[in-house]
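> Mind having a look at this structure? Questions to follow.
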Amino acid sequence: MSQGNEGEELAPLPTICGINLPDGSRCDEELKTFTESQFGVSYSAVKPCMKCKVIWNMHNAFGWLDESSKASQEIQNAIVSNLSVAVSKTDDSRIARDVLRSVVVGCGKKTSAILAGPTGTGKTFLALHALKACIEKCAISGLYAPEHILVKAYKASHDYNNPTRKDWGERFLNAAKTFTLLVLDDFGQSRNVSEGCLDAIEQIIMYRYDAGLQVIVTTNRDVNGLAQERGHRMMSRLRGMTNDKFVVLDGDDWRASDVEA
């Protein structure tokens with residue numbers, strides 16, 4: 001037990017983390033202690049627990065995809081289950097894997113990426129594995145945000161008749177803006193997007209550009225198509241964040257291949 005001033009006894013340091021986890025249990029990670037000495041005073045403290053931080057960040061990355069908590073949990077379970085499948089090292093995905101490796105090394109800073117290509121070539125799968133790797137490696141905050149969910153969140157954030165729905169929309173948009181790594185999936189896919197919603201998405205990109213926060217974008221569109229549909233200024237920021245490189249994934253639609261098999 002540590003000693004305080006004039007022999008006062010201090011409470012013993014905790015040995016188990018004990019933080020509440022998303023499933024209602026408590027983190028059972030054993031805490032490590034260290035000793036510091038400043039201004040002639042020595043004291044003992046515990047190192048922050050990384051296990052529960054990773055668990056919470058994984059939950060936050062995939063657990064806000066619907067205003068209904070039950071629906072969100074079902075979506076999260078499906079995504080996490082898919083991420084248990086390892087990434088296949090194919091020739092078609094080699095360049096994308098190399099670029100995403102630099103994103104993971106950056107752990108939320110510097111390198112961003114845009115993955116383009118036809119439907120079913122593995123863009124989302126690779127992007128989500130990169131997000132998972134960053135969370136597990138560096139315990140950073142991250143968010144998976146398909147564009148249609150951003151559009152839904154924007155509409156929800158203006159629903160003044162439903163405070164719960166409004167709160168969900170605002171929280172999701174703020175997470176997309178401020179979390180360390182954002183996966184913006186199916187960029188350019190949503191149709192009939194209002195000017196206000198496009199402005200909100202642009203503000204998210206602008207903030208991340210100015211703050212140096214990473215983004216992984218997946219899209220089926222080419223550069224010119226995206227510029228016309230989502231605005232030249234937004235595309236200029238994304239191209240600057242990714243050093244003006246689009247990684248185009250080729251190959252067959254593996255979903256269709258699985259069905260035919």
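> Only residues that are farther than 20 Å from Arg208 by Cα, at pLDDT 95 or above and among the charged types (D, E, K, R): list them for the stretch 137-181, please.
Passing the criteria: Lys152, Lys155, Asp159, Arg165, Lys166, Asp167.
> Would you please name the residue that is nearest to Thr178 (Cα to Cα), looking only at residues in the stretch 21-36 that are open to solvent by less than 80 Å² (accessible area, probe 1.4 Å) and either modelled with pLDDT under 85 or β-branched (Val, Ile, Thr) (or both)?
Leu31
> Tell me which residues, restricted to the stretch 192-212, are out of contact with any strand residue (DSSP E or B) (no Cβ under 7 Å at 6 or more places or on another chain) and either assigned to a strand (DSSP E or B) or not hydrophobic (A, V, I, L, M, F, W, C) (or both).
Those that are out of contact with any strand residue (DSSP E or B) (no Cβ under 7 Å at 6 or more places or on another chain) and either assigned to a strand (DSSP E or B) or not hydrophobic (A, V, I, L, M, F, W, C) (or both): Asn192, Ser194, Glu195, Gly196, Asp199, Glu202, Gln203, Tyr207, Tyr209, Asp210.
> While we're on this one: Go through (1) of a type in the set (Gly, Ala, Ser); (2) open to solvent by 30 Å² or more (accessible area, probe 1.4 Å); (3) over 30 Å from Asn224 (Cα atoms) for Ala211 and report which single condition fails.
Failed condition: (3).
> In the stretch 31-47, which residues are of a type in the set (S, T, N, Q) and within 22 Å of Gly18 (Cα to Cα)?
Thr33, Thr35, Ser44
> For the stretch 155-191, how many residues are free of Cβ contacts under 8 Å to residues at least 60 places away in the same chain, open to solvent by 10 Å² or more (accessible area, probe 1.4 Å) and assigned to a helix (DSSP H, G or I)?
9
> With a cut-off of at least 3 residues that are closer than 30 Å to Leu31 by Cα and open to solvent by 50 Å² or more (accessible area, probe 1.4 Å), name the helices (runs of 4 or more DSSP H) lying wholly within the stretch 46-129.
In the stretch 46-129, the matching helices (runs of 4 or more DSSP H) lie at 51-62, 69-82.
The values are calculated or read from the model by the stated rules, or taken from the named source; none is laboratory data. Note that this is a predicted model, so its numbers are computed, not measured. Positions of Cβ are generated from backbone atoms using ideal geometry, with glycine treated the same way; all protein chains shown enter the neighbour counts. Surface areas here come from the heavy atoms of the whole protein model, side chains and all, with no ligands, DNA or RNA. Shrake-Rupley method; radii C 1.70, N 1.55, O 1.52, S 1.80 Å.
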